[in-house]
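Everything on this sheet refers to the single structure shown next.
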């Protein structure tokens, strides 16, 4: 069952982007992948995603600048960051961001997405995936 929720996946690794696309489609989400934060900002205007799902460490546009610009333009958009690093001490600007620890399994992803969209607004989840 396809939902009306749209997810923009931002990851510089094409294989990860493809796998996430398959997992998201399987869970009924519309999704689009891009390999750069710069392109993600452009795609946000056209695609108007409900959620940005992004690798924490990527080259190019600094993450803080991306988040600041994205939230200024689309304040209701949820963010789900993922990383293999310990991100429990993430900067304050990410306080209202959902997090997943890599590698994550499809059930963890599905649970986190459901919690994110069930909240109806950006809220912080506990670090349940760590």
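Every read-out reported here was derived from the displayed coordinates using simple, explicitly stated rules and does not represent laboratory data. The structure presented is a predicted model; accordingly, all values stated were derived computationally and were not measured. When we count neighbours, we look across all protein chains shown, and the Cβ atoms used for this are built from the backbone with ideal geometry, even at glycine.
What's the ranking of 48-56, 24-32, 66-74 by average number of surrounding C-beta atoms within 10 Å, highest first?
The most tightly packed comes first, giving 48-56, 24-32, 66-74.
Please give the residues of region 1-43, grouped as numeric ranges, whose backbone N is less than 16 Å from a label point set 7 Å along the Cα-to-Cβ vector of residue 73.
Inside the label zone: 7-11, 32-43.
Just the number, please: Stokes-Einstein D of region 1-67 in µm²/s, Kirkwood Rh from C-alpha pairs, 20 °C, 1.002 mPa s.
Rounded to a whole number, D works out at 179 µm²/s.
Sort region 6-119 into rounded, prolate or oblate with this rule: let a ≥ b ≥ c be the square roots of the eigenvalues of the Cα gyration tensor; rounded if a/c is under 1.5, and if a/c is not under 1.5, prolate when a/b is larger than b/c, oblate otherwise.
Note, shape of region 6-119 comes out rounded.
Do you know the relative contact order of region 1-87, to the nearest whole percent, from alpha carbon pairs under 8 angstrom that are 6+ apart?
It rounds to 32 percent for region 1-87.
How much length would be gained if the chain were fully extended between residue 104 and residue 65, taking 0.36 nm per residue of separation minus their Cα-Cα distance, in nm to one decimal?
So the extension gain works out to 11.4 nm.
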